[in-house]
Amino acid sequence: MKNPLQRIWKPLTLTLFACASPLYACGPAVEPLGEGAVSLSWEVLPGGCEQEGVEEIEISLEPTRGAPVTNTFRCRADDASIDVLAGNYKLDVRGLDSRSRAVVGAPTREIAVSDGFVTELGKALELTALPGSVQIGWRFADGRVCGAHGVSEIELTVFDDASFQIARDRFTCNDGAGVVLDLPQQTYMILGRASGVDGQEVVRFEGTVEVGVKRGSETSASLVLERSE
């Protein structure tokens with residue numbers, strides 16, 4: 001009499017062998033992904049690559065699934081063609097300076113690449129200056145913390161070099177810092193204000209700091225809040 005274990009093991013062994021062998025197929029066949037290409041051109045405005053300090057163009061194609069495909073080209077080349085798998089992508093084009101910082105760019109757009117075809121972007125992408133940002137940290141002049149002053153929020157107001165209000169936002173005081181985004185390159189005055197309590201009395205704190213913001217970069221600034229009358 002045969003051992004029952006042998007009767008179960010034998011067909012299992014054959015099944016494993018069939019899946020491992022190239023002569024057998026397990027499951028539905030998977031069609032290979034087709035390939036296509038993306039062709040595009042660009043121009044750096046207003047002064048061109050050299051005047052705007054752009055040396056390379058970074059082109060990133062992010063598929064619906066998977067890692068982005070990123071390539072760089074000399075800015076003066078003016079155009080490029082990139083081979084990719086067929087599919088849908090988000091196209092992001094940025095211009096890099098000599099320190100590989102993104103200083104110009106075009107709005108992100110969505111494109112579809114078909115198998116065996118070249119997807120051409122008919123109009124040259126216009127790359128213009130990218131905004132910068134500033135991270136503002138704050139502290140109280142007397143060295144005490146937010147809770148000791150009964151302060152829960154800090155209000156930051158950003159003024160440009162002509163004293164126009166550009167942005168205003170509130171941040172949690174205990175965070176110690178906040179970031180203001182999308183600022184064109186220039187010098188700004190940042191006004192910080194906060195309200196707290198001292199016993200039964202409402203107290204106010206205020207401070208200013210001047211900061212220069214550059215294209216595509218994040219600048220740091222430190223704000224000192226003093227008790228105001």
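Sketch the reach of a paramagnetic label on VAL202 as a point 7 Å from Cα along Cα-to-Cβ, and name the residues of region 126-151 whose backbone nitrogen lies under 16 Å away. Backbone N within reach: 150-151.
Considering only THR64, SER195, TRP42, and ranking their Cα positions along the charge dipole of the chain that arises from unit charges at the beta-carbon of Lys, Arg, Asp and Glu, the one farthest toward the positive end is THR64. What fraction of the DSSP beta bridges in the chain is antiparallel, stated in percent and rounded to the nearest 5? Around 80 percent antiparallel, to the nearest 5. The trypsin sites (Lys or Arg not before Pro) found in region 49-87 that occupy coil by DSSP, while having at most 12 further C-beta atoms within 10 Å, are ARG65. Net length available on complete extension from ASP161 to GLU120 is 10.5 nm, with 0.36 nm assigned per residue and the Cα-Cα distance removed.
Diffusion of region 169-229 by Stokes-Einstein, at 10 °C in a medium of 1.306 mPa s and with Rh set to the Kirkwood radius over alpha-carbon pairs, works out to 120 µm²/s. Here the dipole of region 70-229 is about 300 debye; that uses its Cα centre as origin and unit charges on the Cβ of Lys and Arg (positive) and Asp and Glu (negative).
For region 58-144, the Kirkwood hydrodynamic radius comes to 15.5 Å, computed from all pairs of different C-alpha atoms. Restriction of the chymotrypsin sites (Phe, Trp or Tyr not before Pro) in region 42-133 to DSSP coil positions whose beta-carbon has at most 16 other beta-carbons within 10 angstrom yields PHE117. Computed about its Cα centre, the charge dipole of region 150-222 is approximately 160 debye, with only Lys, Arg, Asp and Glu carrying charge at their Cβ.
Taking Cα atoms only, the orientation of helix 4-20 departs from the longest principal axis of the chain by about 70 degrees. Counting only DSSP H runs of at least 4 residues, each contributing -39500 (n - 2.57), and dividing by the residue count of the chain, the helix-based mean residue ellipticity at 222 nm comes to -3000 deg cm²/dmol.
Rule-based calculations on the coordinates, nothing more; no lab input. Fair warning: this is a prediction, and the values are worked out from it, not measured in the lab. Here the Cβ is made from the backbone with ideal geometry for all residues, glycine too, and neighbour counts use every protein chain on show.
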